[in-house]
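To start, the structure itself, in structure tokens.
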Ligand SMILES: [Ca+2]
Ligand SMILES: [Ca+2]
Ligand SMILES: [Ca+2]
Ligand SMILES: [Ca+2]
Ligand SMILES: [Ca+2]
């Protein structure tokens, strides 16, 4: 259909490249402007040079430098990972904060039907969480979960599920290493996620991360396996405690809550060059709508914002918060340095095949998810969110590590954009999957919830898709719509961020 | 019964402490020798001072210094983590190699019934492994496994199971970091474990650890999710490939193989002060019997041998191998150092409550598992075993990280000793659980396979239990006996060792 005539997208007036929209790319010889003929076959989502570049010339996309020509590049040529050199990252001490704070007009009257918890938080699901303090408990816990799912769950139709909170931590780790605080607070905060109506804790009994240490001062329902007389008794104890919890959960009802009680995480994975012009800006528009209702929106992924920091810093509400951002980024720079890698370790082969030449281009597209509102707080990895509005969580970009840390921060729903396509899913929260290209939605009809690819072809605009995502969030949060990932129960396990040693 | 009269154990003539065997410990005032009266209540498995120690005096157990008196300790007092200071580790450049090589007489005629693979290796199980290249694939893979287990497996009674090889690696990681070679070779070698008769690989398609990179030059059965038209087709493709593999596996038969084809891993976890005098020496005796039949025995756990290196180095067959050991240990020392921890980060609260004052005492007990034969090879973490005889794998001591790396090394069965009690289990290989105390076996009748606690009370000796373990290994490897962990299907997931950064 559209493949007959060349279709290209430019984001900003200053850009000297355009993105190919045509599904089968553009053939050498195609005339795309009066004075530009494509020099070589260029795949969909990749960049065409709009001018002749001399070696070292700036390559501009999103109105920003994404790199420099590695050699002479003629007008109409394909610009990709092989002919672009990486610019240096914004210097932390050059960042300016709070110079571009744009308060958005509030939106009144939006609600959803959630599960109100005793601490005032509101869940989008009514889940029983069963938490292992240490990996040793996992094998037994999983047998118990199987029994609970088969024998108990069908009797409690108001309960959305029983979720094992398993992980690789708890013992055999350097628990007094300075960085151990990250996995420890992550686990503690995950147990407090609003989507859990009840939590049961299963401890082995001799692990380093003892339940008393992990949940200091908190009232928890703890089972210690070493105090049970063998496997069958362990199973019986876990199942009978689960039954008590399910009785309580089954009596809960959804109630109407203001949209300001939502905590929504934004993430991207399997990105391509369309992510930054279709799915991410649409999600950014939805983020702005959420912030305008008073809700909390969390974006994250340090290595993907690292090269767009000069654009985010002016939106950070004050200097003090700016300093926290600098600390988090400096910590991460040092962390990568110790592993002898740099930030360009982030883009995957898939990203690059998808048209993202390097981490700078990926970053500029990635930060579109954060919309335009002021950034009111910065979370260290694993910290719990305390404020409403737009919040940055300084997590790795790794999909499941970021997902786990957002769950610890307290998200009750996640929006996930993808270009290449990923089967990502979480057991603890619904994940709304947004595709950057229509070809992906056409292929993965039963995995992609919303197609933002229609933006590239001009069928709809960013605001329309943004509004659609916003309304879909409210419907899913209310239990009125179900994401594909929830329908198929695609549930990836948690993936802790533990930068401390294994012993 | 035995609790009426004091029961104590001393390992070596030179020891100046003894271990309390009585289940309820010893009360203050109990006379234990003509000239020694217990000064304070001392729990089971803990140490009694046999002499008056001045501050700085050597405390000797296993004939070796386990620490120094932190203050004056009177004869009959309790010696524990609070009054013992840690000695320094053996210096790597002072180690002497190949000075104590004791060739053991060969044992002929021992066999087991295993599954012979086309590469000549022999499995103790007949498993289908389904391997994810990246965590993104896990959610879909797990749904497929569920379908396969419910709908297909019952039709193939000769197949022992279908095991998902899931992990946290594959993307969102610094894949070009020097240390990335560890998780990568681990995954590659796990796919080659002899207990897998067939392996299917599930790739997302855009991950950093592409199937082609991971399995370079190897012929693998790969499914790429991004090439499938949605979730239902993914499921169908995985299930139909599994069906083909199950048909092949179901036609396999166990055949009689020499015991020399066994590859047995030794591990300990949840240790107490009895581990080093009952379970570990008995396992060490079994290790010697295995080596004498020509089998391969792998012991591991760097931080638990670190302080016993001066005893192991003389058993390393040559200087070149000694240099490899030094490299591995130096790498690990540096790794802990970067995390600002030292080797005493290893013992858990449970170890210490169990009577192990520090890592030196734990080490001396832990290395008993290695028996007495020469050490013929050293494996870096994740490397595959190449030699028969006793081999040291330089892995962390963390139970599941060590277990995963031993599976990568190629073990087809593991023996696991425990004092405090752990519910450890592996899906890929049978785990024989040996208790260090009878009280644990009495309590966990349906989890502990063999009780070595009887050694402490003098009921049986180390050789008898060692022989029993050896015979049990042959029976389990032949499918004639089933471990408790296999009976209950207690299957902890793999836990990769990735010392490189997350991106
Ligand atoms: Ca579920
Ligand atoms: Ca991500
Ligand atoms: Ca199984
Ligand atoms: Ca197909
Ligand atoms: Ca261990």
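We did not get these values from a lab; they are worked out from the coordinates using the rules stated. Remember, predicted model here, so these are calculated numbers, not experimental data. Cβ sites come from the backbone with ideal geometry, for glycine too, and all protein chains shown count toward neighbours.
Coordinate range of the alpha-carbon atoms in the protein assembly as shown per principal axis, descending: 103, 58, 56 Å. Of all DSSP beta bridges confined to the protein assembly as shown, the antiparallel ones make up roughly 40%. Computed from Cα atoms, the angle from the helix B:231-250 axis to the main principal axis of chain B rounds to 70 degrees. Packing, as the average of other Cβ atoms within 10 Å across residues, places the peptides B:287-296, B:42-51 in the order B:287-296, B:42-51, highest first.
For the stretch B:2-88, averaging the sequence separation of C-alpha pairs within contact (under 8 Å, six or more residues apart) and dividing by the residue count gives a relative contact order of 26 percent. Put in order of Cβ neighbour count within 10 Å, fewest first, the listed residues A:136, A:402 become A:402, A:136. When A:417, B:457 are arranged by Cβ crowding within 10 Å, least crowded first, meaning fewest neighbours, the order is B:457, A:417.
Legend: mean number of C-beta atoms from other chains within 10 angstrom of residue C-beta atoms, peptide A:261-274, equals 1. Where q = 0.14, 0.16 Å⁻¹, what log10 of I(q)/I(0) comes from the Debye formula for the stretch B:260-466, counting one point per Cα? Relative scattering, expressed as log10 I(q)/I(0), comes to -0.76, -1.01.
So, R0 is 25 Å and r is the distance between the beta-carbons of residue A:88 and residue B:213; what FRET efficiency does that work out to, to 0.05? After rounding to 0.05, the efficiency reads 0.30. For the stretch B:114-250, the Cα-based Rg and Dmax, in that order, read 14.8, 46 Å. Here's the picture: a label point sits 7 Å out from the Cα of residue B:155 along the beta-carbon direction, and within the stretch B:230-273 the residues with their amide nitrogen under 11 Å of it are B:240, B:243-244, B:246-247.
Mean separation of Cα pairs under 8 Å and 6 or more residues apart, divided by the residue count, gives the stretch B:131-176 a relative contact order of 58 percent. Take each residue of peptide A:135-145, count the partner chain Cβ atoms within 10 Å of its Cβ, and average: the result is 6. Taking the average, over residues, of other Cβ atoms within 10 Å as the packing measure, peptides B:310-316, A:182-188, B:90-96, B:25-31 rank A:182-188, B:310-316, B:25-31, B:90-96 from highest down. Residues of the stretch A:179-194 with the amide nitrogen closer than 19 Å to a label point 7 Å from the Cα of residue A:221, along Cα-to-Cβ, please. Within reach of a label on residue A:221, which here means backbone N under 19 Å from a point 7 Å along Cα→Cβ, the stretch A:179-194 contributes A:188-194. Per residue, the average separation of C-alpha pairs within less than 8 Å and at least 6 apart gives the stretch A:182-337 a relative contact order of 16 percent.
A point 7 Å from Cα along Cα→Cβ stands in for residue A:243, and the other copies hold the same point at 4.0 nm, listed in rising order. Scaling the Cα radius of gyration of the stretch A:2-88 by the globular reference 2.2 N^0.38 Å produces a ratio of 1.01.
When each of the peptides B:242-250, B:439-447 is scored by how many other beta carbons lie within 10 Å of its residues on average, the order from highest to lowest is B:439-447, B:242-250. Mind giving me the FRET efficiency for residue B:102 and residue A:68? R0 is 60 Å, r the Cβ-Cβ distance, nearest 0.05 is fine. With a Förster radius of 60 Å, E is 0.35.
When each of A:285, A:110 is scored by the number of other beta-carbon atoms lying within 10 Å, the sequence from fewest to most is A:110, A:285.
Remark: mean inter-chain Cβ contacts per residue of B:351-358 equal 1, using a 10 Å Cβ-Cβ cutoff to other protein chain atoms.
For helix B:279-293, report the angle its Cα long axis makes with the longest principal axis of the Cα atoms of chain B; keep it between 0 and 90° and round to the nearest 10°. Taking the Cα atoms of chain B, the angle to B:279-293 is about 60 degrees. Residue A:176 label point (Cα plus 7 Å toward Cβ) to equivalent points in the other copies: 3.9 nm, shortest first. The share of C-alpha pairs in chain B whose separation exceeds 36 Å stands at 33 percent.
Taking the C-alpha atoms only, the angle from helix A:319-338 to the longest principal axis of chain A is near 90 degrees.
Relative to the other identical copies, residue A:33 shows label-point distances of 9.5 nm, where the label point lies 7 Å from Cα along the Cβ direction and values run shortest first.
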